[in-house]
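Working notes, structure below.
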Amino acid sequence: MKQPSSGAVLPLRARARRRSAGNSILLTSGLAIALAAVLIPFYWLVIASTHSSAEIFGSPPPLVPGDHLGENLSSLQETASFGQVVLNSLLIAVIYTVCAGLVCTLAGYAFAKYRFKGSNWMFGLLMLGLVIPSQVTLVPLFKMMAEWEWLNTYQAVIMPNLALPFGIFLMRQSMAALPDELLDSGRMDGCGEFRLFLRVVLPPMKPSLAALAIFLFLFQWNDFIWPLIVLRDNASFTIPVALSALQGVNDTDYGAILTGTAIAAIPMALVFLALQRHFVSGLLAGAVKE
């Protein structure tokens with residue numbers, strides 16, 4: 001085979017370097033545009049929360065902080081008791097994350113590591129919940145909550161979604177990658193099933209548990225339709241329901257609404273930043289079969 005001469009190799013290397021530099025510039029530009037598309041709405045949300053409604057809809061729109069933040073916070077507290085609303089959302093989201101995380105983890109472990117009659121069709125039936133719109137279940141669930149006299153209670157918000165299909169699917173796929181030999185070794189050492197679950201199964205599942213916790217917290221924190229249906233008292237509202245109640249027919253304080261929206265984004269960001277180190281690895285756990 002004829003080898004290229006040294007005089008021809010240098011132009012080839014130069015073209016390869018120019019092509020690599022061009023690709024790098026395109027990739028960096030694309031990432032910068034994507035980053036700007038994500039951050040600009042959050043920046044404007046924070047800026048708008050410090051302005052009045054008239055200033056928000058002025059031309060040009062405000063791009064620097066204003067001096068109405070205190071006024072917006074006072075209006076938010078007077079009209080929606082926002083401090084109580086934030087506590088309601090935090091309480092419901094934390095209790096739901098703990099309870100639903102426990103249910104999804106136990107169910108995922110059972111489907112991944114135990115063989116019992118009907119497990120496959122039960123899991124397939126459960127996965128149908130991923131494709132059925134949640135709006136289909138609103139009327140039956142409301143009737144059930146009314147018959148149990150659970151309307152306007154926190155258990156009516158928390159209980160219906162404890163066995164979340166995606167959470168069970170995530171934990172089932174993660175635990176399926178756990179070697180059966182590890183469980184057998186634990187049983188041979190005298191571990192009972194409950195101790196085996198706590199001491200052997202859960203420690204390697206920390207990334208998946210972190211991803212599940214983020215997903216469950218954000219799911220409950222942002223839920224709007226179901227709390228709007230079952231909660232009747234203003235004092236028990238969650239943040240999305242309370243903010244929707246601020247929209248008037250003739251007059252709406254958009255400064256207060258955007259201030260409440262900015263405050264509502266803080267816990268989500270904190271939870272994600274606290275657990276983001278495990279988030280990607282948790283979502284990919286069980287995706288690769290050896």
Among Gly58, Gly22, which is the only one that is more than 28 Å from the chain's Cα centre (by Cα), surrounded by 10 or more Cβ atoms within 10 Å (Cβ to Cβ), within 30 Å of Ala245 (Cβ to Cβ) and at pLDDT below 85? Gly58
Can you go through Leu138, Leu73, Leu130, Leu91 and tell me which one is over 23 Å from Phe219 (Cα atoms) and open to solvent by 30 Å² or more (accessible area, probe 1.4 Å)? Leu73
Would you check if Ala112 is in contact with a Leu (Cβ under 8 Å, 6 or more places away or on another chain) and under 25 Å from Leu209 (Cα atoms)? yes
Right, Asn152: on the phi < 0 side of the Ramachandran plot and among the polar types (S, T, N, Q) or not? no
Of all residues in region 160-183, count the ones that are within 17 Å of the chain's Cα centre (by Cα) and open to solvent by 70 Å² or more (accessible area, probe 1.4 Å). 1
Quick one: which of Ala235, Ala242 is outside any loop (DSSP other than H, G, I, E, B) and either closer than 30 Å to Leu183 by Cβ or open to solvent by less than 10 Å² (accessible area, probe 1.4 Å) (or both)? Ala242
Check whether at least one residue in region 120-131 is assigned to a helix (DSSP H, G or I), under 27 Å from Asn88 (Cβ atoms) and in contact with a helix residue (DSSP H, G or I) (Cβ under 8 Å, 6 or more places away or on another chain), and report yes or no. yes
Taking only region 76-88 into account, find how many residues are of a type in the set (Val, Ile, Thr) and open to solvent by 70 Å² or more (accessible area, probe 1.4 Å). 1
State whether one or more residues within region 184-192 are of a type outside the set (Gly, Ala, Ser), part of a loop (DSSP other than H, G, I, E, B) and crowded, with 16+ Cβ neighbours inside 10 Å. yes
Pairs, please: C-beta under 7 Å, at least 6 apart or cross-chain, first residue more than 17 Å from Gln77 (Cα to Cα) and in region 252-275, second open to solvent by 20 Å² or more (accessible area, probe 1.4 Å)? Pro267/Leu90; Met268/Leu218; Leu275/Ala213
Criterion first (in a helix (DSSP H, G or I) and open to solvent by less than 30 Å² (accessible area, probe 1.4 Å)) does Met145 satisfy it? yes
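The values are calculated or read from the model by the stated rules, or taken from the named source; none is laboratory data. This one's a predicted model, so the numbers in the text were calculated from it and none came from an experiment. Heads up, the Cβs are rebuilt from the backbone with ideal geometry, glycines too, and the neighbour counts pull from every protein chain shown. To get the accessible areas, we keep the full protein, side chains included, count just its heavy atoms, and leave off ligands, DNA and RNA. Shrake-Rupley method; radii C 1.70, N 1.55, O 1.52, S 1.80 Å.
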